[in-house]
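S.K.: I have a structure I would like to understand better, so I am pasting it below and will then ask my questions one at a time.
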Amino acid sequence: TSWNLLSSPSAAVSNLRVHQGKPCPGFSLPKSVAPTVPIIAGLTTGSNEQRKQAAYAIGDLVERTEESAIKPFVMPFTGPLIRVATQATTYPHAVKAAILSALPSMLDRIPIFVKPFFPQLQQTFVKSASDPTSVVRNKAAHISSPYDANQ
């Protein structure tokens, strides 16, 4: 039911993933992404599982939303992604890997809007490239090339 999707960030993200890659016309309306902001707040205030799911949700939203509709949410989404990703010792590798999965979506789909964050993103990639876990290091390495092209 709709209530279950609203009460469970994981269910909401799973629902988005079922239709991954397909544009969602509802997300392209003005302020249509606004109701998802509380879900995304899980990135900074939730459990590690909620943080991971919130990071994936950001990537999914960016992929499925028109540029003009996502523009007002770039700062509220990008700032927490960078903050959580750079706190190396605080969060498990699964959370950092999820964040490093969301960032390429932003760099590919809305590079103009994330351009003000490029210095912080570069620091995030450099820190992630030296992470103790190979999954995080590999994701950081895959992001570095597209980042260089967008600079």
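S.K.: Of the listed peptides 98-111, 122-135, what is their order by residue-averaged count of other C-beta atoms within 10 Å, with the highest listed first? Spell out each step's value before the answer.
M.R.: Working: 98-111: 20.7, 122-135: 15.2.
Top of the packing list down: 98-111, 122-135.
S.K.: Given a 1.4 angstrom probe, what's the average accessible area per residue across the range 20-136, in square angstrom?
M.R.: Values: 5510 Å² over 117 residues.
Roughly 47 Å² per residue, with all protein chains present.
S.K.: Among the lysines, which fall within straight-line cross-link reach of LYS71, defined as a Cα-Cα distance under 21 Å, with same-chain neighbours fewer than 8 residues apart omitted?
M.R.: Cα-Cα hits under 21 Å: LYS22, LYS31, LYS115.
S.K.: For ASN138 and GLU49, what is the calculated FRET efficiency with R₀ set at 25 Å and r taken between the beta-carbons, to the nearest 0.05?
M.R.: With R0 = 25 Å, the Cβ-Cβ based efficiency is 0.70.
S.K.: For the range 31-126, what % of the accessible area comes from carbon and sulfur atoms, probe 1.4 Å?
M.R.: Values: 2370 of 4110 Å².
Roughly 58 percent of what the probe reaches on the range 31-126 is carbon or sulfur.
The values are calculated or read from the model by the stated rules, or taken from the named source; none is laboratory data. Keep in mind it's a predicted model, so treat the numbers as computed, not measured. Note that each Cβ is placed from the backbone with ideal geometry, even for glycine, and that neighbours are counted across all protein chains shown. Keep in mind that these areas ignore ligands, DNA and RNA; they rest on the heavy atoms of the full protein, side chains included. Shrake-Rupley method; radii C 1.70, N 1.55, O 1.52, S 1.80 Å.
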